[in-house]
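Structure first, commentary second.
Laboratory data are not the source of any read-out in this text; all were calculated from the coordinates shown. What you see is a predicted model, and the numbers here were worked out from it, not measured in a lab. Cβ placement follows ideal geometry from the backbone for every residue including glycine, while neighbour counts extend to all protein chains displayed.
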Amino acid sequence: MRLRDLENLDRDFLTAEEVSEILDASPQGIRSQAQDDPAKLGFPVIVTGRRVRIPRLGFLHYVKYGLTYVGVEVQR
């Protein structure tokens, strides 16, 4: 999957598998980091139990500009 494909998706959230293809990282590594210390990922994540969801627009902003949205606070 390419960045253009993510931009054209018609849904609000991405999976760790989709994000891992863009970042050249393992999906399990992304899930583990999201649960252990999500702030270190650099993009917003939502962790519910064992499930990790990644807001599509927040991730795209991170990939394009290297920053998370201003005003987004990560809480554990």
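Quick notes
- Sparsely packed loop sites in region 1-66 (the trypsin sites (Lys or Arg not before Pro) outside DSSP H, G, I, E and B with at most 11 other Cβ atoms within 10 Å) comprise ARG2, ARG11, ARG50.
- Distant-in-sequence amide H partners of LEU14 (H built 1.01 Å from N, under 5 Å): ILE54, ARG56
- Taking ALA39, ALA16, ALA25 in turn, the Gaussian network model of the chain (Cα-Cα springs below 10 Å) assigns the largest fluctuation to ALA25.
- A cut-off under 15 angstrom between Cβ atoms defines the neighbours of ILE30, and their net charge, with Lys, Arg +1 and Asp, Glu -1, is 0.
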